[in-house]
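Worksheet: the structure to be examined is printed underneath.
We did not get these values from a lab; they are worked out from the coordinates using the rules stated. Small disclaimer: the values here were computed from a predicted structure and weren't measured. Quick reminder, even Gly has a Cβ in these numbers, built from the backbone with ideal geometry, and neighbours come from all protein chains shown.
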């Protein structure tokens, strides 16, 4: 049985898969950061949702990459953790 890292390395050798993977990097970074911050604060999705004025299902959809969040939504998430949303083009 192959490990996740082995499978990932294998599939990322395919240029088409690598392009698609790279295209999703920003989304997964944002999701990972919000989950990390929420867990550090020992908050549930429901508690975070209440703090930003939305429903738990909206936070769940965001964390599971099932929605296309607005900049406003991302800003509210950042504010919930006393952070500033920074969007940069490199």
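May I ask for log10 I(q)/I(0) of the chain at q = 0.25 Å⁻¹, from a Debye sum over the Cα atoms as equal point scatterers with solvent left out?
-1.25
Can you tell me the order of 40-50, 8-18 when each peptide is scored by its average per-residue count of other Cβ atoms within 10 angstrom, highest first? Let's see the in-between values first.
Details: 40-50: 14.4, 8-18: 10.6.
Packing proxy ranking, top to bottom: 40-50, 8-18.
At residue 66 and residue 46, where each label point lies 7 Å from the Cα along Cα→Cβ, what is the point-to-point distance in nanometres?
1.7
Helix-derived [θ] at 222 nm for the chain: sum -39500 (n - 2.57) over DSSP H runs of at least 4, divide by residue count, nearest 500? Numbers along the way, then the final one.
On the way: 6 runs with 59 residues, N = 90.
Calculated mean residue ellipticity at 222 nm is -19000 deg cm²/dmol.
Using Cα-only point scatterers and the Debye equation, what is log10 of I(q)/I(0) for the range 9-52 at each q in 0.21 Å⁻¹, rounded to two decimals?
Treating every Cα as an identical point scatterer, log10 I(q)/I(0) equals -0.70.
From Cα pairs below 8 angstrom and at least 6 apart in sequence, can you work out the relative contact order of the chain, rounded to a whole percent? Display every interim value, and only then the final one.
Values: 47 pairs, mean separation 17.4, N = 90.
Averaging sequence separation for qualifying contacts and normalising by length gives 19 percent for the chain.
For residue 27 and residue 12 in one chain, what is 0.36 nm times their gap in residues minus the Cα-Cα distance, to one decimal in nm?
Numbers: separation 15, 0.36 × 15 = 5.40 nm, distance 1.80 nm.
Full extension from residue 27 to residue 12 adds 3.6 nm.
Applying 1/(1 + (r/R0)^6) with R0 = 41 Å to the Cβ-Cβ distance of residue 86 and residue 2, what FRET efficiency is obtained, to the nearest 0.05?
Details: r = 37 Å, r/R0 = 0.90.
Using R0 = 41 Å, I get an efficiency of 0.65.
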